[in-house]
1. Can you tell me the order of 181-190, 39-48 when each peptide is scored by its average per-residue count of other Cβ atoms within 10 angstrom, highest first?
2. Of the heavy-atom accessible surface of the stretch 105-223 (probe 1.4 angstrom), what whole percent is carbon and sulfur?
3. Give, in nm to one decimal, the length gained when the segment between Val73 and Met195 is fully stretched (0.36 nm per residue of separation minus the Cα-Cα distance).
4. Amide H to amide H under 5 Å from Ala134: which residues, 5+ apart in sequence or cross-chain, H placed 1.01 Å off N in plane?
5. What are the ³J(HN,Hα) values, in whole Hz, obtained from phi via the Karplus relation 6.51 cos²θ - 1.76 cosθ + 1.60 with θ = phi - 60°, for each residue of the stretch 188-202 in sequence order, with x given for Gly and Pro?
6. Would you mind checking which residues have amide H under 5 Å from Gly36's amide H? H placed 1.01 Å from N; only 5 or more apart, or other chain.
7. Would you mind checking which residues have amide H under 5 Å from Asp57's amide H? H placed 1.01 Å from N; only 5 or more apart, or other chain.
8. Arranged from highest to lowest average of other beta-carbon atoms within 10 Å per residue, in what order do the peptides 114-120, 142-148 appear?
Amino acid sequence: MDTNVTKVMVSVALGWSALALLASPAQAQSVAMSGGMGSKALLVVNGGVPKALAAGDAYQGVKVISVSPDHTVVEVGGKRQTVTLGGAPVSIGGSGGGGANGTQIILSAGSGGHFVTQGSINGRSTQFMVDTGATSIAMGADEARRMGIKFEDGQAFYGSTANGVVKGFKVSLTSVRIQDVEVFNVEAAVLPQGMPHILLGNSFLTRFQMKRDNDTLTLTKRF
């Protein structure tokens with residue numbers, strides 16, 4: 001083949017590759033505001049540990065525009081959105097337009113090797129800990145009340161714990177959201193004792209393909 005023709009073909013191929021990269025949508029970022037520290041906001045990005053950020057700071061592609069006691073304005077890929085204190089995580093950037101229509105959750109292990117992440121139940125912000133040994137999502141009664149879950153109307157059951165036999169309630173959660181992935185009608189158990197985190201059990205996890213790579217856990221939604 002003629003050398004000049006080969007060069008032209010290579011140039012065309014590289015040009016198409018560059019166009020493909022430019023056309024591919026940027027990955028959306030999940031951002032929640034868990035608190036504040038003076039002029040800084042405590043932001044949870046993609047389910048990680050809270051990061052104190054001031055106006056002008058950037059972290060994992062998320063730029064802080066302004067900070068107020070009850071909300072923070074952030075920017076990802078030229079798109080701005082307001083994140084409210086204690087509200088559900090918002091998805092910014094990418095091609096999803098801010099909706100909860102994602103298909104994959106990526107979590108990083110924290111202290112003790114546990115996967116803890118910010119999320120929401122029925123639109124109310126909360127914190128989860130992955131527990132593959134739990135039959136369903138499980139939470140304490142106080143946390144359920146905070147989120148407006150009328151668990152006393154659910155199905156009562158009795159279970160054995162370290163503190164003896166306790167009465168719990170089975171409920172159905174309208175929605176559970178982590179990052180930009182949302183699932184609906186998820187079974188949960190509400191127990192009387194307090195719990196530091198809501199356990200993300202198998203009523204949620206079995207809807208995903210799970211893959212662990214060292215300290216990274218990837219959940220891919222089943223269809």
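The values are calculated or read from the model by the stated rules, or taken from the named source; none is laboratory data. All of these numbers come straight from a predicted model, not from anything done at the bench. Methodologically, a virtual Cβ is constructed for each residue, glycine included, from the backbone with ideal geometry; neighbour enumeration extends over all protein chains shown. Quick note on the areas: whole protein, heavy atoms, side chains included, nothing else; ligands and nucleic acids left out. Shrake-Rupley method; radii C 1.70, N 1.55, O 1.52, S 1.80 Å.
1. On the way: 181-190: 18.2, 39-48: 20.8.
My ranking of the peptides, most packed first, is 39-48, 181-190.
2. Values: 2880 of 6130 Å².
Within the stretch 105-223, the accessible surface is 47 percent carbon and sulfur.
3. Details: separation 122, 0.36 × 122 = 43.92 nm, distance 3.15 nm.
Result: 40.8 nm gained on full extension.
4. Asn202
5. Rounded to whole hertz, the list is 9, 10, 10, 10, x, 7, x, 9, x, 9, 7, 7, 8, x, 6.
6. It is Leu42, by chain and number.
7. Counting only residues 5 or more places away or on other chains, the set is Val64.
8. Working: 114-120: 21.4, 142-148: 15.4.
Highest to lowest by the protection proxy: 114-120, 142-148.
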